[in-house]
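The values are calculated or read from the model by the stated rules, or taken from the named source; none is laboratory data. Everything quoted here is computed from the prediction, not taken from an experiment. With ideal geometry, Cβ positions are generated from the backbone for all residues, glycine too; neighbour counts draw on all protein chains shown. Note: accessible area is taken over every heavy atom of the protein model, side chains too, but ligands, DNA and RNA are not part of it. Shrake-Rupley method; radii C 1.70, N 1.55, O 1.52, S 1.80 Å.
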Amino acid sequence: MENGVRFEVSPQNPYLWQFLSGAIPILIVIGLLYFLFIRQMKMAGKGAMSFGKSRAKMLTRGKNKVTFKDVAGVEEPREELLEVVDFLKDPKRFQKLGGRIPKGVLLVGPPGTGKTLLAKAIAGEANVPFFSISGSDFVEMFVGVGASRVRDMFEQGRKHAPCIIFIDEIDAVGRSRFSGIGGGHDEREQTLNALLVEMDGFDTQEGIIMIAATNRPDVLDNALLRPGRFDRQVYVDLPSLAGREEILKIHVKKIKLSRESDLNRIARGTPGFSGADLANLVNEAALLAARRGADAVELKDLEEARDKVRWGRERRSRLMDDSEKKTTAYHEAGHAIVLAEVEDSEPLHKVTIIPRGQALGATMQLPEKDRYTQGRRALIGMLAGLMGGRVAEELACDDITTGAANDIQQATRIARSMVCDWGMSDDLGMQSFGSNEEVLFLGREVARQHEISEDTSRKVDSEVSRLLKEAYSRAKQILTDHRDKLDLLAETLLERETLDGEQVAELMKHGRLLTEVERSDASSSTDKAAQEVQQAPEVEGNSTVIGEPSSNPSPA
């Protein structure tokens, strides 16, 4: 107060400060626990106590809609599944005659053939809700969660009926229960039991259709496959030649394709490709075209993408010396010449000595159509073609190499199948000598072996050896008769590294590569000859052969 300034000091409450200093750390810990645990559990299981809730994702009307226009290459499965669409659109048409639509449809087929896409297309065509879940989503670390999720999934389906419930990879939860493993509680079995009970409990009058997909139907429980549960099995096979072309047309809509691109040529060169493989092929072609700065995807991009998907990327960094390059050139030239000379062989597409994947070179054929069976003559010619590489090394080089390892494996497999599985041995006749092994569970037979005697086994080995030796001799005879063409083709390969089928044919027929003018003249003359043959009257007992007969026909 000396200077006239008044002030007042309020004493602090020691109890309030002690309370706050002790409560603040506790509140911080509780907040951390909330954000770290409670929110995570809500995101994972939609609530801390919601482990038993179904994780099925519902695709509603108009969201990510897929129709049958987006599906190609599976004509028969699509026609079979149209019944399900018709039932979901107009169920009374089936019910008034007393008919009952299948409760469940099991889509079976190799990976990547479009099983999931087909299920989505059914929901899109019928314009109904679509519940999608994976078989592994039912199995959890907590006992009883899988069965609870099954019950909740069907309960959601009844609320949104008519609808489709799709279980992908159902073999994860539907494996056979008769494993013979005693004791304990099997969570997967309990989940399967709940699924069986629920499928028996609902009626198709409710408008719920079960669709499941698997590529392992052999491991599914028999109770799951009986009529009344999965009544119908639809096999979704690998696409045919026409199917592959249709699939390519769908995928190329998303990219800029040049007008000169021939999708039929790519479809012919992709036997055994699934829809997923073809989608990957088109994407790789677009990436290759973008990498080289092109304005559109061309045929060479599609062919390079096909070779990359099937055999791997070119490995130009793998440097070979002149000797290895010469051996590889003669090896691939031997394959090409023998395959061009044997009967019932597919046309040559490309011969290259550029390393790709694990191979130092490749001889590729382009099938004219899909083949579901193989004749004996074609198989014998295939054996000779596989032997052509080693024979060419033996004739032209001072030594033989390990480059024929894969050829020998394939030839041995084909020859053994001819003897043991296909009854193509004159000595052993129509008998099967293959092992009948099955992938089974514990508690059943682990392996079922078809026993044969030692004497028969020796005869089988002798027949396989005879087929391989005859193929080797035939390939040697062909390459000996065409030694000049073998040298010419190998030298051209060393110079150009890659030759297509037309260039190989020109070298074998004319001894040189034709110019563009000569090639166009030859093409026009061939077309004219073909028209004359079509206009010529047919004579019984005679046939017209276009082209020169071979001066050195290969022995039968």
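When the residues of the stretch 20-79 are filtered to those that are in a loop (DSSP other than H, G, I, E, B), open to solvent by 80 Å² or more (accessible area, probe 1.4 Å) and within 30 Å of V236 (Cβ to Cβ), the one that is modelled with the lowest pLDDT is R61.
Residues of the stretch 488-517 that are touching a helix residue (DSSP H, G or I) at 6+ places or on another chain (Cβ under 7 Å) and either within 24 Å of L360 (Cα to Cα) or among the small types (G, A, S) (or both): L488, L489, A490, T492, L493, L494, L499, V504, L507, M508, G511. Among all residues of the stretch 204-221, there is at least one that is open to solvent by 50 Å² or more (accessible area, probe 1.4 Å) and at pLDDT below 80.
Taken over the stretch 247-265, the criterion of being buried (at least 21 other Cβ atoms within 10 Å of the Cβ) and touching a residue at least 60 places away in the same chain (Cβ under 8 Å) is satisfied by I247 alone.
Applying the set (1) under 25 Å from A242 (Cα atoms); (2) touching a Gly at 6+ places or on another chain (Cβ under 7 Å); (3) charged (D, E, K, R); (4) in contact (Cβ under 8 Å) with a residue 40 or more places away in the chain to R268 leaves exactly one unmet item: (2). None of L467, L488 is modelled with pLDDT of 65 or more, outside any loop (DSSP other than H, G, I, E, B) and within 38 Å of the chain's Cα centre (by Cα) except L467. Sub-6 Å Cβ pairs linking a first residue in the stretch 95-112 that is within 11 Å of I211 (Cα to Cα) to a second residue that is at pLDDT below 75, at least 6 apart or interchain, are K103/T204, ordered by first then second residue.
Counted as qualifying within the stretch 292-409 are the helices (runs of 4 or more DSSP H) with 2 or more residues that are closer than 20 Å to L281 by Cα and open to solvent by 70 Å² or more (accessible area, probe 1.4 Å), namely 299-311.
If the requirement is being more than 30 Å from K92 (Cα to Cα), outside any loop (DSSP other than H, G, I, E, B) and either basic (K, R) or modelled with pLDDT of 85 or more (or both), which of these qualifies: R177, R158, R149? Break it down stepwise before answering.
Working: R177 fails: outside any loop (DSSP other than H, G, I, E, B); R158 fails: more than 30 Å from K92 (Cα to Cα).
After applying the criteria, what remains is R149.
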